[in-house]
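Some notes on the structure that comes next.
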Amino acid sequence: MLDDERLPSSLEQAVDLLRDGPPIRDEWRSALDVQLSQQVTRRVWHVRPMHAIAACAMFVLFGGAVTATFLLSRDNARVASTAPQSMVRFDLVAPSAVRVSIVGDFNGWNAEALPMRRSGDGRTWQLDVKLPPGRYTYGFVVDGRLVRDPSAPESGSDDFGVPSSVVLVSHRGGST
Amino acid sequence: MTDATLVLAALDGDRAAFATLVDRHAPPCLRFATRMLGNIHDAEEVTQDTMMRVHRWLSRYDTTQSFRTWVMSIHVNRCRTALLQRGRRTRRIVLDEPVVLLASVPSTSANTDLRDAIERALAQIEPMQREAFLLRHVEQLTYDEMASATTAGVSALKMRVQRACERLQVILAEDRHA
């Protein structure tokens, strides 16, 4: 009997109705596109080997004391350029977003405290944040929705919690 | 253009190629999640999560296998997780009979009645049976594809589908006579 894969006739009409699924909403698709565009940035940064070479050269020459740019591996890459006094630059590519802010341990996860600015290309949102050395968990609020930095290491599994990322600020003013 | 070709293009940075994959695979994922979870809000959230994971893990996809099955394997897991989370949430809010009655509206057609009845019936059967039934008869996967997507054995899946059919027939019959 288990080899009989036919649907019982009494269920055929009901299953036909189930196959008629809900439509994809435009708003849902737009939100997905925003999320996907943030993930794509990881690839864009990944294919810039000259940045890594330049960063290594600067770090060797100046000991990371003045500025640093890091390009990490493909799976957890994020670019974080820093200036003296541990100024960390956060970048997020979100061309469709209307409002973006950064939240984290350093500002009590307050979405109003650190709004990001849209850069000249109209696609990237940026903000420089001065941070003392330490380990910080953070995320972005994109039009009211908390999202993880797609290009930074995850703070842990996001299956049961809020999505978040981690940035490390060293005593030398570098960050990863 | 095949899914495998689109995947290779997407891995080369072609956003339009991935958008086409989303256009093809998001609707069935949304349909499956809606039937599994019982509401469109959770289904949209889970489907978005699935698409993000598909994108993130695209380089792990083996192009010699079915992309649809690979996507569904991710999606099934996301739905299972959502079901566990939602189960904890909804126990607090469901059992308010007056509100349920106030929210009810008269049905407008026989199809609406039947759709409501089958959705109520689906909600009453075991989640693993519901999952197998939907994958087989709504998403129309083969049993081998279902086994890949769920990591369950074919014979176990056939048993789940058979039991789901039997339960659904009983529940629908009871519903008609209620």
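The values are calculated or read from the model by the stated rules, or taken from the named source; none is laboratory data. It should be emphasised that the depicted structure is a prediction, and the values quoted were computed from it without experimental measurement. Methodologically, a virtual Cβ is constructed for each residue, glycine included, from the backbone with ideal geometry; neighbour enumeration extends over all protein chains shown. Keep in mind that these areas ignore ligands, DNA and RNA; they rest on the heavy atoms of the full protein, side chains included. Shrake-Rupley method; radii C 1.70, N 1.55, O 1.52, S 1.80 Å.
A few comments on the model shown:
- Highest average packing first - B:46-55, A:127-136, Cβ atoms within 10 Å: B:46-55, A:127-136
- Accessible surface, 1.4 Å probe, highest first, among residues A:TRP28, B:TRP57: B:TRP57, A:TRP28
- Cα pair distances of the stretch B:108-178 binned at 5 Å [whole percent]: 3, 18, 26, 21, 15, 10, 6, 2, 0
- Modelled this way, with points 7 Å down the Cα-to-C-beta line, the labels at B:MET1 and A:ASP105 are 4.3 nm from one another.
- Computed packing ranks the peptides B:32-38, B:167-173 as B:32-38, B:167-173, most packed first, by mean other Cβ atoms within 10 Å.
- Counting only other chain Cβ atoms within 10 Å of each residue's Cβ, the peptide A:16-29 averages 6.
- Within 10 Å of each Cβ in B:49-61, the average number of Cβ atoms from other chains: 3
- For the pair A and B, total buried accessible area rounded to nearest 100 Å², probe 1.4 Å: 4100 Å²
- Partner chain coverage, peptide A:9-15 - average Cβ within 10 angstrom: 6
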